[in-house]
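Structure first, then comments.
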Amino acid sequence: LASGTGYWYFRYISKMVPLWGGDFIMGWDNTSVAMEELQKAHVDMGYSPEEWDTIAARSAPRRLVQIRSFFIDRTEVACSDVAKWMQYKYDNKEISVEYYVENGVGYHAVYIGDMPIANLYYRQNHTCIKFDSKNRKFVPIEGREMWPANAISWYGADAYCRDRGARLPTEAEW
């Protein structure tokens, strides 16, 4: 989302499209007929009843929300772009990498300060970036260069956007 005039902004503006502002109704009320269907869908996705209560509470009440016009990326951010960004940050000693093994699965945890920005697992097929420990390089996994970036925390996505002179969309914009 565009809000800056730095190098990243100009480099990526062609990848962005405008979304025009306006009003819409956001959230739901507890009497909504769709509420039962939403709860079932969330439970099917693995949420517990307690988590559902939290989701429902955050989404209530229905309210009128006004959104300003803004820019958003035309496509999701590619793994190759995030790998290049991580490498730049790593080369400038702005991020650190630690190796962990959890439940028999090895992964590299990536941090800015003490904030986790990525967990790069290797035995799971969803990760699209790896950290090559031998060469000290972040690289997209072959064949996954244009996949949407994944295994990135909110903190990592926020830092990436800020370095581009942009920001993450708000809940209402999303």
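When you count the other C-beta atoms within 10 angstrom of each residue and take the mean per peptide, 59-65, 134-140 line up highest first as 134-140, 59-65. Sorted on the mean count of surrounding Cβ atoms within 10 Å across their residues, most packed first, peptides 155-166, 102-113 read 155-166, 102-113. Checking every one of the trypsin sites (Lys or Arg not before Pro) in region 66-116 against DSSP loop status and a limit of 12 other Cβ atoms within 10 Å picks out R68, R74, K93. Checking the a/c ratio against 1.5 first, then a/b against b/c, what shape does the Cα gyration tensor give for region 77-126? Judged from the Cα gyration tensor, region 77-126 comes out oblate (a/c at least 1.5, b/c at or above a/b).
Using only the Cα atoms of region 56-105, build the gyration tensor, take square roots of its eigenvalues as a ≥ b ≥ c, and label the shape rounded, prolate or oblate: rounded if a/c is under 1.5, else prolate if a/b is larger than b/c, else oblate. Here region 56-105 falls in the oblate category.
None of the figures in this text is laboratory data; all of them are computed from the coordinates on show. These numbers were taken from a predicted model, which means no experiment stands behind them. Every residue, glycine among them, receives a Cβ derived from its backbone with ideal geometry; neighbour counts consider all protein chains shown.
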